[in-house]
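Scroll down for the structure; my scribbles are underneath it.
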């Protein structure tokens, strides 16, 4: 099972979750545990002053994407948030509340003891730079940096784990934390699938728009009887890693009813991406997205037996035994 980073907090869930409430309340994904910097509650700390140092040296693994070796902190750390862009990228600029995809290493200033790193797991972290979802050091240090950048930071307790520390990671309440972060990608409410457009030639299936400007794609439902089985077809085929049955994914999606074409749920309408484990969603999503590539847009037609059947969520506008039609953009694996 993939280890869960301490950077991760609750994952927002949409209407397709088993709970089916559609109000974007949080629920945790089943992705295991491991030490790293997550926040369990919103911070009341004031915004930090950001300074250039002091910061320890990166002594090996100095290229973007390489696991770095970082020296002990030089003397007494700053009481402010020290941040330096070691390698300047040229990609999109990260903003607060974006999701970022990044490799990182975290260690303690005084001892250089590493308490977590994603390089050894060979899987970059995907996490939202939102209050209460990540330690404030990251939330304040990374916005304004560009994709492709390596950022070195020293985070005092005030913007880390506070006076309580983090016993699981061996972090005391007085420890300043040092991070190296390689920003690989950033995602926000305007993110879309990226890949090869796949012809939609079956007149008996809905046709999904192929726009990639971040706006909601159209979904045209034909005036025929819905299929009795699950449909999960590429609209845009990405080139990323295939999604596994137990993956947690970051998505944009839009859902409409087959009978009326009426929209009943959409991340585009909320202006907020959604992430969840495929073990937490309706069977149609779990089966339909498994094996699909990151970066893709997928048409998913969910028959009642793989959706909500005779027990749709209250207030959703979904009637009993409804066939559901979704456009799903798989932006990243978490």
(request) Please report the orientation-averaged projected area of the stretch 196-333, defined via the convex hull of its C-alpha atoms, in nm². (result) 7.6
(request) Take every DSSP beta bridge whose two residues both sit in the chain, then give the antiparallel share in percent to the nearest 5. (result) 95
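Calculate, in nm to one decimal, what residue 146 and residue 60 gain on full extension: separation in residues at 0.36 nm each, minus their alpha carbon distance.
Numbers: separation 86, 0.36 × 86 = 30.96 nm, distance 2.26 nm.
Computed gain between residue 146 and residue 60 is 28.7 nm.
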(request) Give the relative contact order (percent, whole number) for the stretch 88-198; include only Cα pairs under 8 Å separated by 6+ residues. (result) 36
(message) Running a GNM on the chain with Cα contacts under 10 Å, which residue among 259, 136, 116 ends up with the highest mean-square fluctuation?
(response) 259
(request) Over the stretch 37-181, consider all pairs of different Cα atoms and compute the Kirkwood hydrodynamic radius from their mean reciprocal separation; express it in Å, one decimal. (result) 15.0
(request) Could you sort 85-92, 188-195, 176-183 so that the peptide with the highest average Cβ count within 10 Å comes first and the rest follow in order? (result) 176-183, 188-195, 85-92
(message) Please compute the length gained on full extension between residue 172 and residue 113, using 0.36 nm multiplied by the number of residues separating them and subtracting their Cα-Cα distance.
(response) 20.0 nm
(request) Using R₀ = 51 Å, calculate the FRET efficiency as 1/(1 + (r/R₀)^6) where r is the Cβ-Cβ separation of residue 69 and residue 201; round to 0.05. (result) 0.40
(request) Sticking with the crude label model, points 7 Å out along Cα→Cβ, report the distance from residue 163 to residue 239 in nm, one decimal please. (result) 5.3
(request) Apply 1/(1 + (r/R0)^6) to the Cβ-Cβ distance of residue 87 and residue 220, taking R0 = 35 Å, and write down the FRET efficiency to the nearest 0.05. (result) 0.15
(request) In a Gaussian network model over the chain where Cα atoms closer than 10 Å are linked, find which of 200, 107, 280 has the largest mean-square fluctuation. (result) 200
(message) What whole-number distance in Å separates the alpha-carbon centres of the stretch 203-240 and the stretch 80-111?
(response) 37
(request) Before rounding to the nearest 500, sum -39500 (n - 2.57) across all DSSP H runs of length at least 4 in the chain and divide by the residue total; then give [θ] at 222 nm in deg cm²/dmol. (result) -1000 deg cm²/dmol
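Here, each number is a calculation from the coordinates, and none is a lab measurement. None of the values given here were measured: they were computed from a predicted structure. All Cβ positions, even for glycine, are placed from backbone atoms using ideal geometry, and neighbour counts span all protein chains on display.
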